[in-house]
1. Please figure out what share of the DSSP beta bridges in region 103-179 is antiparallel and state it in percent, rounded to the nearest 5.
2. What is the calculated FRET efficiency for residue 148 to residue 53, with r their C-beta to C-beta distance and R₀ = 41 Å, to the nearest 0.05?
3. Helix 69-86: angle to the longest alpha-carbon principal axis of the chain, degrees 0 to 90, nearest 10?
4. Which shape class applies to region 80-173: rounded if a/c is under 1.5, otherwise prolate when a/b exceeds b/c and oblate if not, where a ≥ b ≥ c are the square roots of the Cα gyration tensor eigenvalues?
5. Would you calculate, for the chain, the mean residue ellipticity at 222 nm contributed by helices, counting each DSSP H stretch of 4 or more residues as -39,500 (n - 2.57) and dividing by all residues, to the nearest 500?
6. Using R₀ = 22 Å, calculate the FRET efficiency as 1/(1 + (r/R₀)^6) where r is the Cβ-Cβ separation of residue 40 and residue 163; round to 0.05.
7. May I ask what percent, to the nearest 5, of DSSP beta bridges between residues of the chain are antiparallel?
8. Once the Cα atoms of helix 188-203 and of the chain are each reduced to a long axis, what angle between those two axes, in degrees from 0 to 90 to the nearest 10, is obtained?
C-alpha cells in the first residue's frame, strides 16, 4: 500500500511517500515562495525519486490543521484535485497529532505546539501507549502561559512553536520541559502518512465533502467581516 502524505499547514511544508509502513522518500518545501508555487513540484520530486506515478498511489493523506489558514486551503485544494483525478481515497490527519509523532519514542507526555500568532499557541497533548498515540487534550489556541499552567509532569515539547516560545516554556516549566530527540529526521508529512497508514482501512474516504479543515479559530478576514455586520 502506497500513501502520499502532504502537509501544508506549517511554515515548512512537506511531502512524503509511504509504502507498507516505510517512508520511501520525503521532501520539504524550501524558500520563501508560496505553497501554490512549490507544492506540486515537491510532489513530483517525491514521485520521481521513488519511480512512482499517481496511478500507483493507493491513497492520499493531508494534515487538516490547525495551522496556516492559507497553507491549509492550498493543501486541501491540491488533495481534492488529486482525488478527483485518480479516484483514490484520502485520510485527514490532525497537524498536531502528526507533529506529536516527532516526539517519539518516549514514555513522557508529548505536547505538540505551533505559533498561532496573537501571542497564542496551538497545542495538544498526547502519550504513546503500546505504540499508539493517545490523545490527552483537544486542539486549542491559548496563551503559552496558560499552557504552562496545565503541564503538571515532565513533557516532551515538539513543533515549530518552540522557535518562538522555547525560552518562555523552559523558564516557567523547569525540569518539566523536555525537548524531543534530535535523531528523528522525519517530516510532518511522513508522520501524517504513518498515522494514515495505521487507520487507512477504517478511515479512508472518497467523499470530498468530508475533507474538513480544523481552523480552531476564525481568520482575520472572518473577524473583520463579523465586526462590520
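Since every read-out is calculated from the coordinates, none of them should be taken as a lab result. These figures come from a predicted structure and were not determined experimentally. When we count neighbours, we look across all protein chains shown, and the Cβ atoms used for this are built from the backbone with ideal geometry, even at glycine.
1. Here the antiparallel bridges make up roughly 65 percent for region 103-179.
2. 0.30
3. In the chain, helix 69-86 runs at an angle near 30 degrees to the longest axis.
4. oblate
5. Dividing the helical sum by the residues of the chain leaves -11500 deg cm²/dmol.
6. Computed FRET efficiency for residue 40 and residue 163: 0.25.
7. Antiparallel bridges make up about 65 percent of those DSSP assigns within the chain.
8. Once rounded, the angle reads 70 degrees.
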